[in-house]
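Reviewing the structure listed below.
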Amino acid sequence: MVGMAPQQKVRKSAIAGTWYPGRAAQLTRTLDDFLNKVPTAPVRGRLIGLIAPHAGYIYSGQTAAYAYKQLQGLHFDVVAVISPVHRPNYAAPVIVNDCAYYETPLGQVEIEQGLIDTLGDRITISRVSQDDEHSLEIQLPFLQHLLGDFKLLPVMQREQSLSTCEVLSEVLVSLLQGKRALLVASTDLSHFHDYDTAVELDMLAGQAIEEYDPLGLGKALGQGKTEACGGGPVITVMLAARRLGANRAQILHYENSGDVTGDWSRVVGYLAAALYEAESVPS
């Protein structure tokens, strides 16, 4: 993270002041309040990936904090955030911002241009100058607050087919192999069902994640047995993290908007999870 970069192209925040606090001091307090409520100890192993929700902080910020709490005391040189695309404005299966920095109230995060260029050599991408995708940006304040300096590989995955997930995961592995890198998948779960239906749908997604079964998750999504607007990014990150050494997944927290607002009639599901290489246990 850097302070300001006035001579470089900057992707200005599209959601600060609405989806999360727009002033640095207030945003920092909000993040600390969320993180201080998380009692969970870090996962026992080498952290490789996280799965975090992307609704407004008043709805899913506490769940996201369960994922990002795992970053305390860690450092990564590059963070690859893989998000869905909520507006069908682009034709390419993968979209990246061609700016040099992403900006939030906490400062600017430098995009790892070398990795973006290599990504474009390996897979069809569309470069955009100023997107308004909330599901990628909303992950950044947590990352800035906990990691400080890192470079960002921002990937918006419009096409969520299994074939795209497999190809993108292979490219990400080739880009990140040997680096101190973190993968982040941005997703919410079921949308606008009653509370009990949402929990039933979301538990199937959670089970596939905890069993480290990305193909099973893809099958369940395709059959409509579960829902996740970032299902493709989750599968991509699970596949890539496995090839980078992850052999375990741990669900850290689940709730839905009904737990936050008290309205159980039409809820959205949120989940936090960690993907990691488990510590060996002496026999």
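Could you go through segment 33-40 and let me know if any residue there is of a type in the set (A, V, I, L, M, F, W, C), over 14 Å from the mean Cα position of the chain (by Cα), modelled with pLDDT under 95 and assigned to a loop (DSSP other than H, G, I, E, B). Walk me through how you get there before you give the answer.
Filtering segment 33-40 for residues of a type in the set (A, V, I, L, M, F, W, C) gives 34-35, 38.
Keeping just the survivors that are over 14 Å from the mean Cα position of the chain (by Cα) gives 34-35, 38.
Cutting the leftovers down to modelled with pLDDT under 95 gives us none.
No, segment 33-40 has no match at all.
Any residue in segment 192-209 that is at positive phi sitting within a Cβ distance under 6 Å of a residue that is surrounded by fewer than 16 Cβ atoms within 10 Å (Cβ to Cβ) and outside any helix (DSSP H, G or I)? List the pairs, counting only those 6 or more apart or interchain.
PHE192/ARG266
Does GLY206 count as small (Gly, Ala, Ser), within 20 Å of THR40 (Cβ to Cβ) and either out of contact with any Leu (no Cβ under 6 Å at 6 or more places or on another chain) or part of a helix (DSSP H, G or I) (or both)? Full working, then the answer.
Values: small (Gly, Ala, Ser): yes; within 20 Å of THR40 (Cβ to Cβ): yes; either out of contact with any Leu (no Cβ under 6 Å at 6 or more places or on another chain) or part of a helix (DSSP H, G or I) (or both): yes.
In short, yes.
Can you find a residue in segment 123-143 that is of a type outside the set (Ser, Thr, Tyr), buried (at least 21 other Cβ atoms within 10 Å of the Cβ) and touching a His at 6+ places or on another chain (Cβ under 6 Å)?
Yes, because at least one residue in segment 123-143 is of a type outside the set (Ser, Thr, Tyr), buried (at least 21 other Cβ atoms within 10 Å of the Cβ) and touching a His at 6+ places or on another chain (Cβ under 6 Å).
Could you tell me which of the residues TYR270, TYR212 is under 23 Å from PRO141 (Cα atoms), not in a helix (DSSP H, G or I) and not basic (Lys, Arg)?
Numbers: TYR212 fails: under 23 Å from PRO141 (Cα atoms).
After ruling out the rest, the residue left standing is TYR270.
Name every residue in segment 222-265 that is charged (D, E, K, R) and not in a loop (DSSP other than H, G, I, E, B), in order of residue number. Give the derivation first.
Initially, segment 222-265 is screened for residues charged (D, E, K, R), giving 225, 227, 242-243, 248, 255, 259, 263.
Residues satisfying the conditions are ARG242, ARG243, ARG248, GLU255, ASP259.
Looking only at residues in segment 80-94 that are of a type outside the set (Ser, Thr, Tyr) and surrounded by fewer than 23 Cβ atoms within 10 Å (Cβ to Cβ), which one is modelled with the highest pLDDT? Before you say what the answer is, go through the steps one by one.
To start, the set of residues in segment 80-94 that are of a type outside the set (Ser, Thr, Tyr) comprises 80-82, 84-89, 91-94.
Keeping just the survivors that are surrounded by fewer than 23 Cβ atoms within 10 Å (Cβ to Cβ) gives 86-89, 91-93.
Working: HIS86: 90, ARG87: 79, PRO88: 69, ASN89: 74, ALA91: 77, ALA92: 86, PRO93: 93.
Selected residue: PRO93.
Determine, yes or no, whether ILE48 is in a strand (DSSP E or B) and of a type in the set (Val, Ile, Thr). If you could, list the steps in order and put the result at the bottom.
Numbers: in a strand (DSSP E or B): yes; of a type in the set (Val, Ile, Thr): yes.
Judged against the criteria, ILE48 is a match.
Return the residue satisfying two criteria in turn: it lies in segment 180-203 and is out of contact with any Phe, Trp or Tyr (no Cβ under 7 Å at 6 or more places or on another chain) and assigned to a loop (DSSP other than H, G, I, E, B), and of such residues it is surrounded by the most Cβ atoms within 10 Å (Cβ to Cβ). Steps first, please.
Narrowing segment 180-203 to residues out of contact with any Phe, Trp or Tyr (no Cβ under 7 Å at 6 or more places or on another chain): 183-187, 190-193, 196-201, 203.
Subsequent filtering for residues that are assigned to a loop (DSSP other than H, G, I, E, B) retains 187, 190.
Working: THR187: 28, SER190: 22.
Restricting to residues being out of contact with any Phe, Trp or Tyr (no Cβ under 7 Å at 6 or more places or on another chain) and assigned to a loop (DSSP other than H, G, I, E, B), the top hit is THR187.
Out of ARG23, ARG29, ARG44, I need the residue that is modelled with pLDDT under 95 and not acidic (Asp, Glu). Which one? I'd like the intermediate steps shown before the answer.
Details: ARG23 fails: modelled with pLDDT under 95; ARG29 fails: modelled with pLDDT under 95.
Answer to the selection: ARG44.
Anything in segment 223-245 that is over 16 Å from LEU168 (Cβ atoms) and without any contact (Cβ under 8 Å) to a residue 60 or more places away in the chain? List them, or say none. Please lay out each step first, then the result.
In the first step, residues of segment 223-245 are kept if they are over 16 Å from LEU168 (Cβ atoms); the result is 223-229, 245.
Passing the criteria: GLN223, GLY224, LYS225, THR226, GLU227, ALA228.
The values are calculated or read from the model by the stated rules, or taken from the named source; none is laboratory data. Source: prediction; values computed, not measured. For neighbour counting, all protein chains shown are included, and Cβ atoms are generated from backbone atoms with ideal geometry for every residue, glycine included.
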